[in-house]
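Read the structure below first, then the notes.
Coordinate-derived values only; no laboratory data. Everything numeric here is computed off the predicted structure, so don't read it as measured data. Ideal geometry is used to build each Cβ from the backbone, glycine not excepted, and the neighbour counts take in all protein chains shown.
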Amino acid sequence: MSLGVATVFAGTPDVNAKALESFKDQFPTAIETEWSSASDYYKVNFVYNDNHVSAYYSLEGEFLATLRHISSVNLPMLLQTSLKNNYSNYWSSDLYELAKYDGISYYVTIENADQKIILKSTGSGWTVHKKTGKV
């Protein structure tokens with residue numbers, strides 16, 4: 001999700017009040033909050049329980065999702081095993097968890113000398129979300 005210009009939490013008069021209230025209710029001990037907006041959502045970056053997290057809200061203030069970068073040891077065991085067994089010739093360059101009310105998905109970017117692949121979790125395995133060649 002790409003974004004526009006960021007604003008600091010304390011100075012967010014243009015952020016929907018419902019989004020601000022929802023955020024305060026969901027993450028009452030969040031620190032280092034920084035809000036930004038795009039054409040169809042708000043994003044807030046913050047620190048919560050020593051984790052750097054991003055939360056997304058609709059322009060109407062409804063919660064959409066949270067995103068946090070994680071290490072491979074934080075993946076469910078079946079996904080760790082599937083990644084190791086099926087993509088052993090690649091290295092991981094980015095891994096994050098996307099949590100919504102309807103469930104959690106994991107995305108990992110893996111690379112080798114020739115290509116970059118973004119995989120998405122599907123229960124106990126992975127599917128190719130996007131594949132690009134390297135120049």
request  = Select, from K120, K116, K131, the only residue that is touching a strand residue (DSSP E or B) at 6+ places or on another chain (Cβ under 8 Å), charged (D, E, K, R), exposed (fewer than 13 other Cβ atoms within 10 Å of the Cβ) and in contact (Cβ under 8 Å) with a residue 12 or more places away in the chain.
outcome  = K131
message = So E62 ticks every box in (1) charged (D, E, K, R); (2) farther than 23 Å from A38 by Cβ; (3) touching a helix residue (DSSP H, G or I) at 6+ places or on another chain (Cβ under 9 Å) but one. Which box is left unticked?
response = (2)
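Being farther than 27 Å from D25 by Cα and in contact (Cβ under 8 Å) with a residue 40 or more places away in the chain is the requirement here; does S71 meet it?
Working: farther than 27 Å from D25 by Cα: yes; in contact (Cβ under 8 Å) with a residue 40 or more places away in the chain: no.
It is false that S71 is farther than 27 Å from D25 by Cα and in contact (Cβ under 8 Å) with a residue 40 or more places away in the chain.
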